[in-house]
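The values are calculated or read from the model by the stated rules, or taken from the named source; none is laboratory data. Fair warning: this is a prediction, and the values are worked out from it, not measured in the lab. Cβ atoms come from the backbone with ideal geometry, glycine included; neighbour counts cover every protein chain shown. Note: accessible area is taken over every heavy atom of the protein model, side chains too, but ligands, DNA and RNA are not part of it. Shrake-Rupley method; radii C 1.70, N 1.55, O 1.52, S 1.80 Å.
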Amino acid sequence: MSAPLPQLPQVLICMYADDLAKTPRYELPPSYTFRSYREGDRDHWVRIWKAAEKSDTITPQLFDHEYGLDQQVLSQRMLFLLDPAGQPIGTSTAWFDNDYHGKSIGRVHWIAILPECQGLGLAKPLLAATCQRLSELGHKDVYLWTHSHRLPALNLYLNFGFIPDIKDHNQAAAWALSLQSLKRISPVIRRYDITKPPPPPEVPPQPAQGQPAGASAAAQPPAVPTPQAPKPPPTCSPSFVHQQIMKRTRPTLTFKGKNVRAWQSSLRRKLHDLMGMNQMPKPAKTPKVQSLWKRQHPLGTIEKLLITVEPGADMPAYLCLPKNAQPPYLPFICLQGHAPGFFFSIAVDPRDEVTGIPIEGDRDFALGCMSRGIAALCLEQRCFGERRELLQAARFEHNTCHDAVMRALMLGRTMIGERVYDVDRAIDYLASRPDMDLARLGVMGNSGGGTISTFAAALLPRVRFAMPSCYFCTFADSIMSIYHCADNYIPSLYLHAEMYDVLGLFAPRPVVVVAGQTDPIFPIAGVHKAFAALKKIYRAAGAPDNCKLVVGPEGHQFYAAPAWAEMMPLLNSPPGAVSLNEPRKSVGRPRVSRSKTAGKKSSKKTTTRPRK
């Protein structure tokens, strides 16, 4: 009879596979499916891992720490395994590591299946799908971490071609015991000097001379606890001093209840400069536009365009014309945020741009517009989808905006400024079409799309309606207190204005602000605070009824039905009913005109008329 195996130690083991192309493929059992991460899936991830680990350390904060908040990266890399009812029961992430022994490599990260669903033949397909996704994302090799006592997992990884990457004697001993229990052999990568003996085990204290054995413990003086280094004070954290500065900062150009037009003129000029708009090129009179394809849709027609927004920069767009309306069409520019791409707006699979796919959170903006008789021009924003960085060899893959944001700052630009400039070029295109009613042009978007909707409304006079979603809040309660992507920031802006001041530049034109009751990154308390201040600006502008707030019952998403219910009556009001303060036709490098009368005061009186 063989001797019983010793109890297995719980030692963390790294395992490596050198060729993803050689990993096996497995099909799911019937009725089970995979899908990519969608906004709000953090709760499913926490639920699955809490059940698998039975640990209180699995929290939403852990998810944010491991993955960040870039929805586009998550949608590319995180997978969920769905049961026949469509409920998530497993998850895995095709992650990455830019410094695995000095090189960039793929990583199988946080793979788990609910305990009650284990043993159903699901683990192999889940691991295979993760490896396949890594391969599709350009990775050649892969690693993962596991524990030496998890024999079924070790057996699975060995079958997929993973081998242990051992760094010390402790891991080597644990791995040997695991192999003994599995009754397998495996090659090993050793990253320690096998010729050097392991460190000696700790020797318990021996009794003093003349003292009976067993008495040493009582005779020894009590053990002195190892001193612990004191935790650093709060003043060592960078946010501490920043929060103190924020509390005593009084924005120089915040609205103080006086002349609205004079205030708007001053803040608009400052915002124009802070956003780096003076560094943007003078736009062409008519943008260069290429039609890529045009197709019929149950709601009308959809045409894919490529618009040259500046030399060296092209912007894909979908022009969607409703069949239940006649030209001239009322158009809305639609902007996605940190999502996989602008294909969300027309709800199609990006691989063929034909197959329909479900879009959660009402982010199929174009379909919502077309069903209401509204034309939609859906823009691919810089750094997202088809405009993500592809040429730069070394890039920050965790956040597709980061590199471009940093370069823009070094060039005197901002990403917000570049994106608003793109919206303005899209308006130029719409203005070149006789079938568009620019007197009723709107802009809308969620999250990062809500950001650009807000700043485009503030700066672009041709925008007549705005519907920013899941962005409007106070800067203090959102991007100045919670982790956000770098594309949300404009240098020095907080010294001059709060977010409600920025959107206040749109007054008295109609705006519907959309928010989520449980939005974790734009807290609802900050939303209400900001909206109260915005309402004061609209009241001072003589149009309190043109400023609406819609709060959906859930989190960070668009809420189409209640939002459009507020917007539609505003769209149907007579255009030009409210006098507008129009700065200039478009933004970019300012035009300088010289004349004989420059610098002289005119004796003629001027009047401002409502734009018809």
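What's the number of the only condition in (1) under 20 Å from Pro281 (Cβ atoms); (2) more than 23 Å from the chain's Cα centre (by Cα); (3) open to solvent by 10 Å² or more (accessible area, probe 1.4 Å); (4) not polar (S, T, N, Q) that Met436 fails to meet?
Met436 satisfies all of (1) under 20 Å from Pro281 (Cβ atoms); (2) more than 23 Å from the chain's Cα centre (by Cα); (3) open to solvent by 10 Å² or more (accessible area, probe 1.4 Å); (4) not polar (S, T, N, Q) except (1).
So that you can scan it fast, the table gives a plain yes or no per residue for (1) of a type in the set (S, T, N, Q); (2) modelled with pLDDT under 85; (3) open to solvent by 100 Å² or more (accessible area, probe 1.4 Å):
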site	(1), (2), (3)
His149	no, no, no
Asn159	yes, no, no
Ile166	no, no, no
Leu179	no, no, no
Val188	no, yes, no
Pro230	no, yes, yes
Phe240	no, no, no
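Could you list, ordered by first residue, the pairs with Cβ atoms under 8 Å in which the first is in segment 298-311 and more than 16 Å from Ile374 (Cβ to Cβ) and the second is of a type in the set (Asp, Glu) and not in a loop (DSSP other than H, G, I, E, B), at least 6 apart or interchain?
What qualifies is Leu306/Asp314; Ile307/Asp314; Thr308/Asp314; Val309/Asp422.
Between a residue in segment 529-552 that is over 20 Å from Ser573 (Cβ atoms) and touching a residue at least 60 places away in the same chain (Cβ under 8 Å) and any residue that is aromatic (Phe, Trp, Tyr) and part of a helix (DSSP H, G or I), which pairs come within a Cβ distance under 7 Å, given they are 6 or more apart or on different chains?
Within 7 Å, the pairs are Ala533/Tyr500.
Looking at (1) closer than 23 Å to Thr254 by Cβ; (2) at pLDDT below 95, which is the only condition Lys535 fails?
The single condition Lys535 does not satisfy is (2).
When only residues in segment 527-573 that are assigned to a loop (DSSP other than H, G, I, E, B) and either of a type in the set (Ser, Thr, Tyr) or open to solvent by 50 Å² or more (accessible area, probe 1.4 Å) (or both) count, which is nearest to Ser469 (Cα to Cα)?
This residue is Tyr559.
If Tyr32 satisfies every condition in (1) more than 25 Å from Asn159 (Cβ to Cβ); (2) open to solvent by 40 Å² or more (accessible area, probe 1.4 Å) but one, which is the exception?
Among (1) more than 25 Å from Asn159 (Cβ to Cβ); (2) open to solvent by 40 Å² or more (accessible area, probe 1.4 Å), Tyr32 violates only (1).
I'm checking my understanding of the structure. Among residues of segment 6-26 that are in contact with a Pro (Cβ under 6 Å, 6 or more places away or on another chain) and either more than 25 Å from Ser148 (Cα to Cα) or not β-branched (Val, Ile, Thr) (or both), which one is most open to solvent (accessible area, probe 1.4 Å)?
Tyr26
In the set Asn488, Asn546, which member is closer than 14 Å to Ala457 by Cβ and polar (S, T, N, Q)? Quick ask: steps written out before the conclusion?
Details: Asn488 fails: closer than 14 Å to Ala457 by Cβ.
That would be Asn546, the only listed residue that is closer than 14 Å to Ala457 by Cβ and polar (S, T, N, Q).
Of the residues Arg382, Arg395, which single one is surrounded by 18 or more Cβ atoms within 10 Å (Cβ to Cβ), under 18 Å from the mean Cα position of the chain (by Cα) and assigned to a loop (DSSP other than H, G, I, E, B)?
Selected residue: Arg382, the only one of Arg382, Arg395 that is surrounded by 18 or more Cβ atoms within 10 Å (Cβ to Cβ), under 18 Å from the mean Cα position of the chain (by Cα) and assigned to a loop (DSSP other than H, G, I, E, B).
Scan the strands (runs of 3 or more DSSP E) fully inside segment 87-188 and keep the ones with 1 or more residues being under 31 Å from the mean Cα position of the chain (by Cα), acidic (Asp, Glu) and at negative phi.
Numbers: elements: 88-100, 103-113, 142-147, 163-166.
Because the criterion is at least 1 residues that are under 31 Å from the mean Cα position of the chain (by Cα), acidic (Asp, Glu) and at negative phi, the strands (runs of 3 or more DSSP E) in segment 87-188 that meet it are 88-100.
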